[in-house]
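This report concerns only the one structure given below.
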Amino acid sequence: MNGPLIQARERLSASRRVAVLTGAGISAESGMPTFRGADGLWRDFRPEQLATPEAFSRDPKLVWEWYDWRRERVARCVPNAGHLALARLEHRHGAVTLVTQNVDGLHALAGSLQPVEMHGNIWKARCTACHRVAEDRRVPIPIPPACGICGGMLRPHIVWFGESLEGEVLERAFGAFEYCDVALIVGTSGQVQPAASLAGVARQNGAFVIEVNREPTPHSALADVSLMGAAGDILPRLIPE
Ligand code: BV8
Ligand code: ZN
């Protein structure tokens, strides 16, 4: 482990531009269940069943109950050493773009300046009528919540399966991985598109790819260095205080 970790640390400190992609694994040590782990979110439902516009139009109450349950869990979570190490990298390095698939807001809480939240944010709600987006931190949230402006029904401001990501988000995310010289992929199973394509984009542009995960993933084949272990343990050694 030490060889690859030292190699990764040296590459990171010598890099000009770093692109980071995180997934649910970086929040696991904060107490958030991952999507596809054994304690996955709402075991009896698969995210693909609930996190869809069809599920919401069919049963908005059930979908809001799921998000209310997750918001209540997220509200009790604090950033862990992995989130803090990435925030340290941003403040120390200056040219870091952090892209996350997570909707829990923990990177911002850890001090990351402008995390690119590819799939939205669980603390934001969007009106299905006037499309106004606002932060809403009520826990529990009245179900279904109504827009304060027009009374329309609110939905989570989150990208569901089958929904396109915002253009500006895609530009920032793909731009970061196209031009980075080091890509750091942390705590993601690499199942969900288009996030799962970012590491390959970095590889194609000749970047040095570092993976941090508890287990091998599809990213491991294209990583220059695959550091197996918990993000909260590895990242502080990769980005020491
Ligand atoms: C889109 C919001 C255009 C919801 C989420 C190509 C082929 C097949 C299907 C598709 C395709 N292209 C598009 C699709 C459809 C779909 C898709 O990819 N489906 C998958 C399931 C195959 N993609 C989309 O619909 C996307 N939209 O492409 O628009 C379009 C439109 C229509 C039709 C086609 C294309 C939108 C995707 C966004 C979905 N929304 N989240 C919510 O959160 O409520 S995705 C959801 O999965 C979460 O955001 C989550 O972050 C994300 C990815 O999961 P991971 O983060 O990787 O989490 P996971 O549990 O899987 O893995 C955790 C990892 O951590 C593991 O590897 C584990 O080992 C590791 N780990 C655990 N503990 C630790 C750790 N590592 C380190 N330390 C630890 N302590
Ligand atoms: Zn409205």
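The values are calculated or read from the model by the stated rules, or taken from the named source; none is laboratory data. What you see is a predicted model, and the numbers here were worked out from it, not measured in a lab. All Cβ positions, glycine included, derive from the backbone under ideal geometry; neighbour counts span all protein chains shown. For accessibility, only protein heavy atoms count, side chains too; no ligands or nucleic acids. Shrake-Rupley method; radii C 1.70, N 1.55, O 1.52, S 1.80 Å.
Things to note:
- Top-ranked residue in segment 147-168 [being closer than 22 Å to A51 by Cβ and away from ligand 1 (no atom under 11 Å from the Cβ); ranked as surrounded by the most Cβ atoms within 10 Å (Cβ to Cβ)]: L154
- Residue match in segment 173-183 (condition: of a type in the set (D, E), part of a loop (DSSP other than H, G, I, E, B) and either near ligand 1 (Cβ under 7 Å from one of its atoms) or under 15 Å from the mean Cα position of the chain (by Cα) (or both)): no
- If the condition is being outside any loop (DSSP other than H, G, I, E, B) and acidic (D, E), then segment 105-164 contributes E117, E135.
- Single residue of G190, G200, G148 found to be within 23 Å of A87 (Cα to Cα) and of a type outside the set (A, V, I, L, M, F, W, C): G190
- Of all residues making up segment 191-216, the number that are open to solvent by 20 Å² or more (accessible area, probe 1.4 Å) and in a loop (DSSP other than H, G, I, E, B): 9
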